[in-house]
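*Asks:* Please read through the structure below; I'll follow up with questions.
Values quoted throughout were computed directly from the atomic coordinates according to the rules given, and no laboratory measurement underlies them. As the structure is a prediction and not an experimental result, all values here were calculated from the model. For neighbour counting, all protein chains shown are included, and Cβ atoms are generated from backbone atoms with ideal geometry for every residue, glycine included.
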Amino acid sequence: MRFFLFIFTQTLRNICHSWGVQLMTLLTVTLSVLIFSFFYLIYTNMLQAGEKIGEELRLTVYLDAQLSPAGQEEFIKKVNSFGKVEKIIFITPEQAFQRLTKQLGSDSDVLADLSPAFLPYSAEIYPHKDLRNLSRIKEFSDYLTNLPGTQKVQYGQAWVERFGHFIKLLRFIVIISGTLLILTTMFMVSYTLRLTLYARQDELKVLRYLGATNSYIKGPVLIEGFALGLFGSGLGLAALFFLFQWIKHHFSSAGFLGLFELRFLPMSDSAIILLGSIMLCTLGSLLSIRRLLKK
Amino acid sequence: MLETLNESLPPHDHPGLVEIVKVTKIYPPDVVALKNVSLRAEKGELIFLTGPSGAGKTTLLKLLCRQEIPTKGLIEIDGNDLNTLSDNAIQKLRQRIGVAYQDFKLLPRLSVFQNIAMPMEVQFKSLKEIRHRVTELLAKLGLSAKLNKPAGKLSRGEQQRIAIARAAANSPLLLLADEPTGNLDAGTTGLVMDLFRELNDNGSTIIIATHDESIYQGTNHRKFELQQGELF
Ligand SMILES: Nc1ncnc2c1ncn2[C@@H]1O[C@H](COP(=O)(O)OP(=O)(O)OP(=O)(O)O)[C@@H](O)[C@H]1O
Ligand SMILES: [Mg+2]
């Protein structure tokens, strides 16, 4: 008990000794955590949006002519031979015309002079979850295009593709900022702590002469690293939370963001970021002292 | 090697607290500071080490607290062969050895209190105990008024007494004092010697390296003289 009390007061003493540098390090850790978790937050929200869009994803196959019941069976078989689908609905020009009228609502009078005959026969395919990723959907669409009797396949290609690229870019940014987070926290922490240790070199020497054990000298430094990680990432996550609330409050009603609800990082992810930063900073402090204790 | 060392051990049936056996110390490249020195100190003994400047007094004390490593020979303290002790065991042993260095080795920016408290903190003594001991020592050495002054702002003689107080703080098993009265007048020398005598009465073994004849004349403690690295 007294051991911990001593290590703790010793830590406080060290921090007071060089609070300027320590504060800078703390802010660096905070900023790295904030940047990383900000991109990560966007990423998770985008993934969620993607999933929602994916649920509504369907491919429309425009057909040359109406399929006989046997032809429909054949078509279903061929589609299923590529991959699992949830359902296939065959749509006649009349049904399509009705749907169009409904969608146009009060503007439906533009259709007044037209007959359903200008619309083609079509089949709507709702792919199974397994098929709902970008490259599979593309392959699927190519496959459907090559089926006999197919005129054209549509699934909002451009949009889905762009969204997929966006997700890829985000993933890249998350990885980059994550790496930067690791590097900055580890090196900043070990570098500053080493600086403060050099400043205390005389004291460490005297402590050795007085019989201080390695753990007596190491303990406070490790706790410093631990505290830097805890408070740095805690502050970073808190800052992210307030930023998130602000964004949500100001933008949630606007167009695109209105499509889905913004969500903060789940508890588990925040905990992992917190624990990870603590680990990195403690590791950094260990690095700083290892070389010093060797001699 | 070890056999010849053992043969040369004086015929005692129990080991002394300090056993120095045929120790030679050569500072690289070729400064012979100690030549084949053997010395034994009993538990609870007070010993004076004299000799001209450069004779090797400081070197001998540094070997005892493992600040330097002997080139040849054996040193045992309280039954521990210093050559075979692990780093951690050396640190543990150092906790039981108080050293008042010739150059003090105080931390000038820390207060007098913090300096003297350091060896007690290293042993995780309670703050209450530390406060009590530090004020007691300062009173004995006539420095009560300096408790919260930075050590660097004190005079040489005051710093010397702080160094002695730090060495005495834990009432060590072995106390090494290197020229402890070099900067002191007769009055304060008396205070320091009283403190040593008290520690000695309470069981500390003490080795004092000194030029100051006044502190060993008329005492019946053993006295050794070093000359050019050889002990007489
Ligand atoms: N670190 C060192 N490197 C090289 N030579 C050293 C070192 N320390 C001491 N010496 C030499 O070893 C010899 C003994 O030095 P030491 O300091 O033990 O003398 P001393 O008896 O304590 O002298 P003084 O009474 O002046 O303090 C001297 O010749 C000194 O120059
Ligand atoms: Mg000397």
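*Asks:* Quick test of the membrane-span-like rule: which DSSP H helices of chain A reach at least 24 Å along their long axis (C-alpha atoms) with mean Kyte hydropathy at least 0.0? It would help to have the intermediate numbers written out before the result.
*Replies:* Details: long enough: A:19-55 (53 Å, 0.98); A:157-199 (62 Å, 1.10); A:214-251 (54 Å, 0.89); A:267-294 (40 Å, 1.24).
Qualifying helices: A:19-55, A:157-199, A:214-251, A:267-294.
*Asks:* Counting only Cα atoms, I'd like the Rg/Rh figure for the protein assembly as shown, Kirkwood definition for Rh.
*Replies:* A ratio of 1.35.
*Asks:* Then there is this: Could you work out how far apart the two model spin labels at A:ILE89 and A:SER135 are, taking each label as a point 7 Å from the Cα in the direction of the beta carbon, and quote it in nm?
*Replies:* Those two pseudo-labels are separated by 3.2 nm.
*Asks:* Using a Förster distance of 25 Å, how high is the FRET efficiency between A:PHE82 and A:ALA158, based on the Cβ-Cβ distance and rounded to 0.05?
*Replies:* In this case the efficiency is close to 0.65.
*Asks:* Quick one: pull the percentage of alpha-carbon pairs in chain A with a separation above 37 Å.
*Replies:* Tail fraction, whole percent: 45.
*Asks:* Divide by every residue of chain B the summed helix terms, -39500 (n - 2.57) for each DSSP H run of at least 4, and state the resulting mean residue ellipticity at 222 nm, rounded to the nearest 500 deg cm²/dmol.
*Replies:* Value at 222 nm, helices only: -10500 deg cm²/dmol.
*Asks:* In cubic angstrom, how much convex hull volume per residue do the alpha carbon atoms of the range A:58-154 span?
*Replies:* Details: hull volume 10.0 nm³, N = 97.
Hull volume over Cα atoms, normalised by residue count, gives 103 Å³.
*Asks:* Amide H to amide H under 5 Å from A:SER122: which residues, 5+ apart in sequence or cross-chain, H placed 1.01 Å off N in plane?
*Replies:* Here A:LEU63, A:ILE91 satisfy the definition.
*Asks:* Which whole number gives the average count of other chain Cβ atoms within 10 Å of the Cβ atoms across peptide A:18-31? Kindly include the intermediate steps, with their values, before the conclusion.
*Replies:* On the way: counts 0, 0, 0, 0, 0, 0, 0, 0, 0, 0, 0, 0, 0, 0.
Averaged over the peptide's residues, the number is 0.
*Asks:* Sticking with this one: If we sort A:167-176, A:107-116, A:241-250, B:42-51 on the protection proxy, mean other Cβ atoms within 10 Å, highest first, what's the order? Don't skip to the answer; put the middle values down first.
*Replies:* Working: A:167-176: 14.3, A:107-116: 10.3, A:241-250: 12.5, B:42-51: 18.6.
Ranking the peptides A:167-176, A:107-116, A:241-250, B:42-51 by packing returns B:42-51, A:167-176, A:241-250, A:107-116.
*Asks:* Looking only at other chains, what is the average number of their beta-carbon atoms within 10 angstrom of each beta-carbon in A:211-217?
*Replies:* Details: counts 15, 8, 9, 3, 2, 5, 2.
The mean count of partner-chain Cβ atoms within 10 Å per residue comes to 6.
*Asks:* Something else about it: Of the beta bridges DSSP finds with both residues in the protein assembly as shown, what % are antiparallel, to the nearest 5? Provide the component values of the computation, followed by the final result.
*Replies:* Numbers: 31 of 48 bridges.
Around 65 percent of the beta bridges assigned by DSSP in the protein assembly as shown are antiparallel ones.
*Asks:* Suppose we keep just the DSSP beta bridges with both residues in the range B:94-232; what percent of those would be antiparallel, to 5? Don't skip to the answer; put the middle values down first.
*Replies:* Values: 3 of 12 bridges.
Counting DSSP beta bridges with both partners in the range B:94-232, the antiparallel share is about 25 percent.
*Asks:* What fraction of the Cα pairs in chain B, stated in percent, has a spacing above 24 angstrom?
*Replies:* Numbers: 11813 of 26796 pairs.
The answer is 44 percent, as a whole percent.
*Asks:* With a 10 Å radius around each residue's Cβ, average the other Cβ atoms per peptide and rank A:11-18, A:233-240, A:144-151, highest first.
*Replies:* Values: A:11-18: 15.5, A:233-240: 19.9, A:144-151: 13.8.
Put in order of decreasing packing, that is A:233-240, A:11-18, A:144-151.
*Asks:* A further question on this structure: Please report the Cα spread of the range B:122-232 along all three principal axes, rounded to whole Å, starting with the longest.
*Replies:* 45, 29, 25
*Asks:* Turning to a different aspect of this structure: Shielding by partners for B:120-127, please: the mean number of other protein chain Cβ atoms within 10 Å of each residue's Cβ. Can you show the working numbers first?
*Replies:* Details: counts 1, 7, 9, 5, 8, 2, 3, 4.
Going residue by residue through B:120-127 and averaging, the value is 5.
*Asks:* Order of B:105-117, B:142-154 by packing, highest average Cβ count within 10 Å first? Don't skip to the end; give the middle numbers.
*Replies:* Values: B:105-117: 19.8, B:142-154: 15.2.
The packing order, highest mean first, is B:105-117, B:142-154.
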